[in-house]
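Colleague: One structure follows; several queries about it will come next.
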Amino acid sequence: MVTDINNVPIGEALEKNGYVVIDGLIPIDSFQKLTDACDRVVDRARRGDWKYRRLVGTQFPPWTEGTDVWGVQHLMHPELKESVFAEWYGSSQLSEAVCQLLGTKPEELQLELFNLLINPQESDFDLTWHRDTVPAEASEEEEAKILTVSHYGAQWNTALYQDECLYVVPQSHRRLRTERERDITINDPKSHDMPNMLKVVLKPGQTVFYDNNILHRAAYSKANKRATLHGCMGTITGGDHRAASIFQHGLDWMNTPEFKNSLPPSLDQSYKNTLAMAESAGLSQMTASPIH
Ligand SMILES: O=C(O)CCC(=O)C(=O)O
Ligand SMILES: [Fe+2]
């Protein structure tokens, strides 16, 4: 298990830079199972046989318009019947890395989102520069307020094929936007000219953990196969802080015996923790309105 990169603990690197790349979180014998399962769910989503999908033309939930698919939602949904996703989400490799990053224990983790990001088929497109939990139009006061709240969670992209889609502005995750950044996010949000931007290149099997408030965008290319596992986990120390951003994805299907019974034992406690978060946030239906 990777704990340090060049003698810097991975949690410190994430804290300082807003992102960190880690190798080896997919056990060798799971790799093929995951790529096969991804092929099946991508096929279903493109055929319109899986309605939970991200559609080109819309960046944030709900994804209601368009036909070309750029993401498959809810990989752990019991109706997909692809148990390898929950197995990997509950694997010791992943949870140890998340615990190391967040300085927490496995029993304090909270099961949250698990989706798949894929290449479109019809046209290339760019997501806009954004922070996941701060709308571009937010005032400096609003932005400052959101950025000072700890996340109590970790988000990651794990590439199954070489992935060069994500761009970040290192160390931008805790500070206000500069004047130029604010101008870009509002007036030219697909700019290829963001100061200090860095392309995150992932080899197959590599994972980037990133603060979801780092300034970031993604360039989706129809020419390069992409199947990148995109998930997050929280910790119970955050109380109900994460509820709105998690439940805006519509997780009512998690509040069912079918889902509970489909989970591997390794996720029992983190599922209980999620239910407790929903309850205490007054969102026991596990759905909330969109942030953006
Ligand atoms: O495609 C990516 O790697 C990033 C996606 C993203 O930024 C998002 O879903 O908010
Ligand atoms: Fe994002």
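Colleague: Towards the positive end of the charge dipole of the chain, with charges on Cβ (+1 Lys, Arg; -1 Asp, Glu), say which of N224, L127, A138 has the farthest Cα.
Modeller: The listed residue farthest towards the positive side: N224.
Colleague: Hey, another quick one. Would any residue of segment 39-78 have its amide N under 17 Å from a label point 7 Å out along Cα→Cβ of H292? List them or say none.
Modeller: Flagged as within label range: 53-74.
Colleague: With the alpha-carbon atoms as the only input, what is the per residue convex hull volume for segment 46-92 in Å³?
Modeller: Details: hull volume 4.1 nm³, N = 47.
Output value, Cα hull per residue: 88 Å³.
Colleague: Report the calculated FRET efficiency for S221 and S266 (r = Cβ-Cβ distance, R0 = 41 Å), to the nearest 0.05. Intermediate values should be presented prior to the final figure.
Modeller: On the way: r = 35 Å, r/R0 = 0.86.
Efficiency computed from Cβ-Cβ geometry: 0.70.
Colleague: Applying a 10 Å radius around every beta-carbon, put 53-59, 118-124 in order of their mean neighbour count, most first. Mind dumping the intermediate values first?
Modeller: Working: 53-59: 18.6, 118-124: 16.3.
Peptide ranking by packing, descending: 53-59, 118-124.
Colleague: For the residue pair D124 and E137, what label-to-label distance in nm results when each label sits 7 Å from Cα along the Cα-to-beta-carbon direction?
Modeller: Each label point is offset 7 Å from its Cα along the Cβ direction, giving 3.1 nm.
Colleague: If R0 is 25 Å, what FRET efficiency do you get for E279 and F60 from their C-beta distance, rounded to 0.05?
Modeller: So the FRET efficiency works out to roughly 0.45.
Colleague: Kirkwood-based Rg over Rh for the chain (C-alpha set), two decimals? Show your work: numbers first, answer last.
Modeller: Details: Rg = 17.9 Å, Rh = 19.3 Å.
Expressed as Rg/Rh, it is 0.93.
Colleague: Please list 3J(HN,Hα) in residue order for segment 33-45, calculated via the Karplus relation 6.51 cos²θ - 1.76 cosθ + 1.60 where θ = phi - 60°; whole Hz, with x for glycine and proline.
Modeller: Per-residue couplings from phi come out as 4, 5, 5, 5, 5, 4, 4, 5, 6, 5, 4, 4, 5 Hz.
Colleague: Answer rounded, prolate or oblate for segment 99-223, using the Cα gyration tensor with square roots of eigenvalues a ≥ b ≥ c: rounded when a/c is under 1.5, else prolate when a/b is larger than b/c, else oblate.
Modeller: Numbers: a/c = 1.95, a/b = 1.02, b/c = 1.91.
Taking the square roots of the gyration eigenvalues as a ≥ b ≥ c, segment 99-223 is oblate.
Where a number appears in this text, it was derived from the coordinates with a stated rule and is not lab data. Bear in mind the structure is a predicted one, so any value in this text is a computation, not a measurement. Please note: Cβ atoms are built from the backbone with ideal geometry, for glycine as well, and neighbour counts cover all protein chains shown.
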